[in-house]
Amino acid sequence: MDTSQDIYREIQKMIAANEKAVLVSTSSIRASAPSEVQTKMLVKADGSIIGSIGGGSVEANIIKQALDAIKQATPRRVRIGVTPEEEKKRGMEPGGKLKYFIEPIQTLPVLYIFGGGNISLQIAKIGKALGYKIVIVDNQSEFADPQRFFEADQVIADDYDKAFSKLKPGKSSYIIIATRNHDYDELVLELAVKSDAEYVGMAACSETKKQRFFSNLMAKGIPEDYFDKVHAPIGLDIQAQTMEEMALSILAEIVKFHRARF
């Protein structure tokens, strides 16, 4: 049985080889369904799969829609009612519905984390578990260390402006600014709002600090509406106390934003 780790390893290989595929994820189930059924499946352009969402007519239907999603290169949500036979097979109550999210791997979300401090460590760990590609940037090699961020897909030790010029954040990119210096935070913010990323979050950012940055950057000629995509302070209010809880609140906000787009 293929695991989620097998699936994500294959995704990285396919992205590197510029091959097309979609990731199918179970997003919700109405009524009860068996926990042993896998929740992720990778569908390749030739119709072959890695993983499973339980087999049967449901999986066959989803594979068909996944192949169409590959052609259209767009994510989609699919809700499926199942037959009495399928309900029995999956251990569901009568009238159950399954909902799936189908997402081309080229649009899988990327977390660009600027700053290699302790909060970034926790964000990277949770983000990776959620299936995000992780890119770490820090201007000091002791923080931008692949051994420190072993779960990251890319670790860059360079000046923030030089590193940013090598990156191409797209619409499925999420930028988190968590450097250890206010000046660096403002520098990265200036670069981030000019990028195609639709979400820019600033960690440990007070309202006063945010407004000061906005004023400074508008004085440089950056339009005010560029800051509409900035979230500061970043994270949902879950009364977080520990570093791990803070990272969880940040990822919860990003997941909420990402899913609301489709």
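Overview of values
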read-out: Residue list for the range 180-199, filter: in contact (Cβ under 8 Å) with a residue 24 or more places away in the chain and surrounded by fewer than 17 Cβ atoms within 10 Å (Cβ to Cβ); value: ARG180, HIS182, LYS194, ASP196
read-out: One residue from ILE250, ILE234 being under 16 Å from the mean Cα position of the chain (by Cα), assigned to a helix (DSSP H, G or I) and surrounded by 13 or more Cβ atoms within 10 Å (Cβ to Cβ); value: ILE250
read-out: Any hit, the range 154-177, residues being surrounded by 17 or more Cβ atoms within 10 Å (Cβ to Cβ) and of a type in the set (Asp, Glu); value: no
read-out: Selection from the range 173-199 of residues that are small (Gly, Ala, Ser) and out of contact with any Leu (no Cβ under 9 Å at 6 or more places or on another chain); value: ALA178, ALA192, ALA197
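Throughout, read-outs are computed from the coordinates displayed, never taken from laboratory work. Keep in mind it's a predicted model, so treat the numbers as computed, not measured. Positions of Cβ are backbone-derived with ideal geometry, glycine not excepted, and every protein chain shown enters the neighbour counts.
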